[in-house]
1. Count the net charge of all other residues whose Cβ sits under 14 Å from the Cβ of A72, scoring Lys and Arg as +1 and Asp and Glu as -1.
2. To the nearest 10 square angstrom, how much accessible area does D41 have with a 1.4 angstrom probe?
3. Quick one: ranking E59, E48 by accessible area, 1.4 Å probe, largest first, what do you get?
4. Between E27 and L100, 0.36 nm times their residue separation minus their Cα-Cα distance comes to what?
5. Suppose R0 equals 41 Å; then what is the FRET efficiency for S9 and M123 from their Cβ-Cβ distance, rounded to the nearest 0.05?
6. Multiply the residue separation of L84 and L57 by 0.36 nm, subtract the distance between their alpha-carbon atoms, and state the gained length in nm to one decimal.
7. Residues of segment 13-114: accessible area per residue at 1.4 Å, in Å²?
Amino acid sequence: QIACIVGPSKFSYSDQRLDGYYHALAEAGIALEETFIVQGDFRIQGGEMAMQQLLQLPERPTAVFACNDLMAIGAIKTIRQQGLHIPNDISIVGYDDIYLTQLLDPPLTTVAQPLSSITQEAMTLLLRQMNSKTAADSSTSSPHDAIEPKLIMRQSTAPQEVI
């Protein structure tokens, strides 16, 4: 029973993270429950409001994937206000691995993006494009590999048996 607090669809990375949620559920053989997908706004307040919606469902989720760490922080606040405990009642995972996630109690499990690698790849592509003589030259450049995010396990998630 894994819910998703998704960001605004006007951002492509929001849709990509939602697609990742769909893919992970399918890969694990977990049925998609549309009511477990709620809209946030990538801010703490958006996470609070989305978590309130999830906690009002007849059957609440046992875990929540927030598409960024700020919404996860808001969700944690709401969970605590309802007298529930993380991770025993609800596990939570964020995305971005902002510094604050380590300081939370419990520290937030999150997905880290290798920002230095992303920055280096972007600069390499930009320089390659700037140095090419024509737009056609830049389109023939070699494809680059996707930069993989990394799951940072902390204490906001319970083992599967507990959930």
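1. -1
2. Near enough 50 Å² of accessible area.
3. Listed by decreasing accessible area, they come as E59, E48.
4. Extending this stretch completely gives an extra 23.2 nm.
5. For S9 and M123, the calculated efficiency is 0.90.
6. That pair, L84 and L57, stretches by 8.2 nm at full extension.
7. Dividing the accessible area of segment 13-114 by its residue count gives 50 Å².
The values are calculated or read from the model by the stated rules, or taken from the named source; none is laboratory data. Just so it is clear, the structure is predicted and the values come from calculations on it, not from any experiment. With ideal geometry, Cβ positions are generated from the backbone for all residues, glycine too; neighbour counts draw on all protein chains shown. Quick note on the areas: whole protein, heavy atoms, side chains included, nothing else; ligands and nucleic acids left out. Shrake-Rupley method; radii C 1.70, N 1.55, O 1.52, S 1.80 Å.
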